[in-house]
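Only one structure is covered here, and it is reproduced in the block below.
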Amino acid sequence: MDEFRATLLLVDDEPVNISVLMDLLKDDYRLVAARNGEQALMRAEAEPSPDLILLDVMMPGMDGHEVCRRLKANPVTRDIPVIFVTAMSDVEDETTGFRLGAVDYILKPISPPIVEARIANHLTLRQAQQALSQQNRLLEERVAERTRDLAVTQDVTILSMASLAETRDNETGNHIRRTQHYVRVLARYLQQQGEHYSEILDERTIDLLFKSAPLHDIGKVGIPDAILLKPGRLDSEEFEIMKSHTTLGRDAILTAERALQESIPASGENTFLHYAREIAYSHQEKWDGSGYPEGLAGEEIPLSARLMAVADVYDALISKRVYKPPFSHEKACQIIREGRGTHFEPLLVDAFIAIEDQFLEVSRSFSDG
């Protein structure tokens, strides 16, 4: 039946040549003819698409070489194999044809067995290539699906781990979501400014920061409840224990990071765990060096942690805690402005002020109820 036959496009300006090919091939293939280059290009794009083209070279107007050139330049037709059928027998002519993308060269007058064998061989090769291409597409789809599944699993695992720490600290899971969105909008604003951090904060890095931000307080799982949940001010000894949540978080993430590198050596350092470790360990550092755990100052503090500091403090200010009521957005913005150059990097505070309405929108989108 025709639907199971390969389709051949026969292109020749001489009706007798087309007639000879049709008589030879009509029992085995579905045949379409064209008398000139323009017809050939039009019919090559028509449905059903030809599986192979037999193309004359010497034609008035647009010759076969130009037809082949245009076929190969068109994404719709470039993969259709072209066999030149011509009386031109010079090596230079054959070289030109192959350079233009033809797969074979048949000389006139044609030899029926040669024509039939060449067509069969190239159709078999095309079918194999199409099968391989289809297999590759299916494989790519499966890999993409698997990658999406792994990404979702990773995100859920991160949020579950982070929620474990937050539930012990009288904070909600929405604190996790708010802070990671604050980090993203702040980083994206800096990226779009075209100065300072635009090269560092590419889309992949921003995505990794977004994924890693929820783990900023993971170390709090190691802080005793009597200190973590104390409604009043911590004494100096208790505060020293509280500060250790940064080191506990760093060490826990570092253990996971090393295990990942042992299992997947090519994973390197540029993973979300790398940024999670930076954030967990250094988000309590201050621009003027008065923070903890190391008393880092200025750009000694990783950018990821400097971004997290703004996000975390803003959310702490607008949220209810056992030791304070929630502050208004305006009050929180005022406190962050006052921390410019002391607690926070000046550039980040300026960016925060420029997009404070986006912070407010995030806080409303992920409110605690």
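Key figures for this structure:
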| item | result |
| --- | --- |
| Within segment 41-72, tally of residues that are in contact (Cβ under 8 Å) with a residue 40 or more places away in the chain and either out of contact with any Ser or Thr (no Cβ under 7 Å at 6 or more places or on another chain) or part of a helix (DSSP H, G or I) (or both) | 9 |
| Members of segment 286-317 found to be in contact with a Ser or Thr (Cβ under 6 Å, 6 or more places away or on another chain) and of a type in the set (A, V, I, L, M, F, W, C), listed by number | ILE301, ALA305, ALA311 |
| Selection from segment 107-134 of residues that are without any contact (Cβ under 8 Å) to a residue 60 or more places away in the chain, closer than 20 Å to ARG78 by Cα and of a type outside the set (Ser, Thr, Tyr) | ARG118, ALA120, ASN121, LEU125, GLN127, ALA128, GLN129, GLN130, ALA131, LEU132, GLN134 |
| LYS230 being modelled with pLDDT under 90, within 22 Å of ARG177 (Cβ to Cβ) and basic (Lys, Arg) | no |
| Candidate set: segment 67-105, residues that are buried (at least 17 other Cβ atoms within 10 Å of the Cβ) and small (Gly, Ala, Ser); chosen: the one modelled with the lowest pLDDT | GLY97 |
| Any chance LEU296 is more than 23 Å from ILE355 (Cβ to Cβ) and in a loop (DSSP other than H, G, I, E, B) | yes |
| Residues of segment 1-40 satisfying the condition of being part of a strand (DSSP E or B) and either over 15 Å from ILE53 (Cα atoms) or among the acidic types (Asp, Glu) (or both) | none |
| Condition met for ILE336 (at pLDDT 95 or above, loosely packed, with under 14 Cβ neighbours inside 10 Å, in a helix (DSSP H, G or I) and of a type in the set (A, V, I, L, M, F, W, C)) | no |
| Pairs where the first residue, in segment 226-238, is acidic (Asp, Glu) and the second is surrounded by 10 or more Cβ atoms within 10 Å (Cβ to Cβ), C-beta under 6 Å, 6+ apart | GLU238/ILE227 |
| Residue in segment 197-205 that is in a helix (DSSP H, G or I) and under 16 Å from ALA276 (Cα atoms) present | yes |
| Residue check, TYR281 aromatic (Phe, Trp, Tyr) and buried (at least 19 other Cβ atoms within 10 Å of the Cβ) | yes |
| Per-region count, segment 198-221, residues surrounded by fewer than 17 Cβ atoms within 10 Å (Cβ to Cβ) and either at pLDDT 90 or above or not assigned by TED's automatic domain parsing to the domain that holds LYS324 (or both) | 5 |
| Every residue from segment 348-359 that is more than 16 Å from GLY291 (Cβ to Cβ) and either within 29 Å of the chain's Cα centre (by Cα) or buried (at least 20 other Cβ atoms within 10 Å of the Cβ) (or both) | ALA351, PHE352, ALA354, ILE355, GLU356, ASP357, GLN358, PHE359 |
| Residue that is farthest from HIS65 (Cα to Cα), among those in segment 76-85 that are in contact with a helix residue (DSSP H, G or I) (Cβ under 6 Å, 6 or more places away or on another chain) and in a strand (DSSP E or B) | VAL82 |
| Selected residue [in contact with a strand residue (DSSP E or B) (Cβ under 9 Å, 6 or more places away or on another chain), among the aliphatic types (A, V, I, L, M) and touching a residue at least 40 places away in the same chain (Cβ under 8 Å)] from VAL349, VAL310, VAL362 | VAL310 |
| Every residue from segment 86-113 that is part of a strand (DSSP E or B) and out of contact with any Asp or Glu (no Cβ under 7 Å at 6 or more places or on another chain) | ASP104, ILE106, LEU107 |
| Residues of segment 299-332 classified as in a loop (DSSP other than H, G, I, E, B) and aliphatic (A, V, I, L, M), total | 2 |
| Options GLU203, GLU237: the member that is out of contact with any Leu (no Cβ under 6 Å at 6 or more places or on another chain) and under 21 Å from ALA311 (Cβ atoms) | GLU203 |
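Per-residue answers, yes or no, for (1) at pLDDT below 95; (2) surrounded by fewer than 19 Cβ atoms within 10 Å (Cβ to Cβ); (3) under 17 Å from ALA187 (Cα atoms):
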residue	(1), (2), (3)
ALA309	no, no, yes
TYR323	yes, yes, no
LYS331	no, yes, no
HIS343	no, no, no
PRO346	no, yes, yes
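Here's the yes/no breakdown for (1) among the small types (Gly, Ala, Ser); (2) modelled with pLDDT of 80 or more; (3) over 26 Å from PHE344 (Cβ atoms):
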position	(1), (2), (3)
PRO113	no, yes, yes
ALA162	yes, no, no
GLU166	no, no, no
HIS175	no, yes, no
GLN180	no, yes, no
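The values are calculated or read from the model by the stated rules, or taken from the named source; none is laboratory data. Everything numeric in this text was worked out from a predicted model, so none of it was measured. No Cβ is skipped: glycine too gets one built from the backbone with ideal geometry, and neighbour counts run over all protein chains shown.
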